[in-house]
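The next block holds one structure in the form of structure tokens; read it before the comments.
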Amino acid sequence: MVALQISSEQVFDWLSEVPDPEIPVLTIADLGILRGVVIKDEIIVELTPTYSGCPATEVIEQSVIDALHEQGVENVRVKRVLSPPWTTDWISAAGREKLKEYGIAPPAEGASKRELLQGKRSIACPRCDSLNTAVVSEFGSTACKASYKCGDCLEPFEYFKCI
Amino acid sequence: MNQDKALLAYVSRLGDNALILGQRMVELVAAYPELEEELANANFALDFIGQARMFYSYAGELEGQGRGEDDFAFLRDENEFRNFLLIEQPNGHFGDAITKLVLFESFYLLLLEALTHCSDERVVAIAARAEKEIRYHLRHNTHWFVRLGDGTDESHERVQGSVDSLWQFTGEMFAPDEVDNVFEAEFNGPDLFNIRKAWQANVESMLADATLAMPEDTWMASGGKQGRHSEHLGYMIAEMQYLQRTHPGANW
């Protein structure tokens, strides 16, 4: 009966607080992977995974279930929605700002096939905004990040790859 | 072969290619001499294993006998895997590993693009996700391929050797069997003839950039798609499945 008394907006709001396990300054709503909440006989939470092999997927699904249990909601099911595929364009403006403050350069907007194949674009340093930056490694601490360094403030930083 | 059987076989074969290649790459984890390549390889392997999980989960649902992704990966025998022979070849040296990846991924990318236009929604969704990942892989791996081919005399010679020895395994990717034919006809699946033409053009230009010679037309090995594998697959599967075979149902 609990399910009948709460709205999907309410559930969405609660879930908007759930942090991403790998980049905890971002919530799953900032990241754009929380796609929707459907209330039927049970509460169905729709999530879209970022990368196919993202090891955080299961952790996120469990956090969603735990967050709703804390609100006294028991009858929860997580549904993985693959289509349309997640893109970094779904990261919210607030999310981009939080990433930058955290020291990770947010992904360039407008993920395109061209971008993926050629990937030549100046990335601004999240600390001093300089465009005098260079790739150190196309790969970083997680599948979604690349490593950069800034030629002006000389700090290394991570860049959230555009996909 | 009816439509349902063909779809199941097709999807589980996509899972086999992704898993076996991912597992081969896992063998190189912690073995690369340089951190960037170490991370690249591990991340790419993870993409393949993630793709395999999505294909296998779907295969399990299509089959409807309660088998899940782990049953497909860990509880089938060698002859039930239908991956290409190319995929299961040992890693060899760095040039071999990179050559294998560019030859396969330049095919796989075209295949995934075509699959995003097939009529099965779930395959479309998985292919759309995977296509983006493979595009990124191919960019990185092609850079290496060109750098090795157009590098020192030593690297040029060795990577030409890789191309020459792996070439015989490329024909199988384009040889349609009943599963491919039914999938193409009933699900608007990929046309392997067109994919071959596009692949040939891409590989020719990649070889030219890398100053490498295109191998002569040669005899092509086949059998992977029918479950007749080279001796290399059995050893790999034995290692991969050891834990589930020894402690059935082990979980953590």
Practice prompt. Kindly provide log₁₀ I(q)/I(0) values, in the same order as q = 0.08, 0.13, 0.16, 0.17 Å⁻¹, from the Debye equation applied to equal alpha-carbon scatterers of chain B.
Written response: -0.30, -0.81, -1.25, -1.41
Worksheet item: Where the centre of each part is set by its Cα atoms, how far does the stretch B:95-129 sit from the stretch B:185-242, in angstrom?
Response: 12 Å
Discussion item. Using only the alpha-carbon atoms, how far is helix B:3-26 inclined from the longest principal axis of chain B? Give it as 0 to 90 degrees, nearest 10.
Written reply: 50 degrees
Worksheet item: Among all the lysines, which ones have a C-alpha under 29 Å from A:Lys145's C-alpha, if same-chain residues fewer than 8 places away are not counted?
Response: A:Lys79, A:Lys98, A:Lys100, A:Lys113, A:Lys120, A:Lys161, B:Lys100, B:Lys132
Practice prompt. Determine the calculated [θ] at 222 nm for the protein assembly as shown from helices alone, applying -39500 (n - 2.57) to every DSSP H run no shorter than 4 residues and normalising by the residue count; nearest 500 deg cm²/dmol.
Written response: -17000 deg cm²/dmol
Discussion item. Using only Cα atoms and rounding to the nearest 10 degrees, what angle (0 to 90) does helix B:121-149 make with the longest principal axis of chain B?
Written reply: 20 degrees
Worksheet entry | Span from the the stretch A:124-148 Cα centroid across to the the stretch B:10-26 one, whole angstrom | 31 Å
Worksheet entry | Ranked list, fewest to most other Cβ atoms within 10 Å of each Cβ, for B:Ile49, B:Ile20, A:Ile28 | B:Ile49, A:Ile28, B:Ile20
Discussion item. 5 Å is the cut-off here: which amide hydrogens, built 1.01 Å from N in the peptide plane, fall below it relative to A:Val78, excluding neighbours closer than 5 in sequence?
Written reply: A:Val45
Worksheet item: Can you pull the Kirkwood radius for chain A, inverse mean 1/r over Cα pairs, to one decimal in Å?
Response: 17.0 Å
Worksheet item: In whole Hz, what ³J(HN,Hα) sequence does the stretch A:76-93 give by Karplus (6.51, -1.76, 1.60; θ = phi - 60°), x for Gly and Pro?
Response: 10, 9, 9, 10, 8, 9, 8, 10, x, x, 4, 9, 5, 5, 7, 5, 6, 4
Worksheet, complete the sentence: Partnerless cysteines (no other Cys beta carbon under 4.7 Å) identified across the protein assembly as shown are A:Cys54, A:Cys144, A:Cys162, B:Cys118
Item to complete: Within a 10 angstrom radius of each residue's Cβ in B:51-59, how many Cβ atoms of other chains show up on average? Whole number is fine.
Response: 2
Practice prompt. Could you work out the mean projected area of the convex hull around the alpha carbons of the protein assembly as shown, in square nanometres to one decimal?
Written response: 22.0 nm²
Response to the item:
Going fewest to most other Cβ atoms within 10 Å around each Cβ, B:Asp120, B:Asp209 line up as B:Asp209, B:Asp120
Item to complete: Could you list A:Val59, B:Val146 in order of exposure, starting from the residue whose Cβ has the fewest other Cβ atoms within 10 Å?
Response: A:Val59, B:Val146
Worksheet item: In degrees between 0 and 90, to the nearest 10, how far off the longest principal axis of chain B does helix B:178-187 point, with axes built from Cα atoms?
Response: 70 degrees
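A short reminder: the numbers here are calculations on the coordinates, not readings from a lab. Quantities reported herein were computed from a predicted structural model and do not represent experimental measurements. Here the Cβ is made from the backbone with ideal geometry for all residues, glycine too, and neighbour counts use every protein chain on show.
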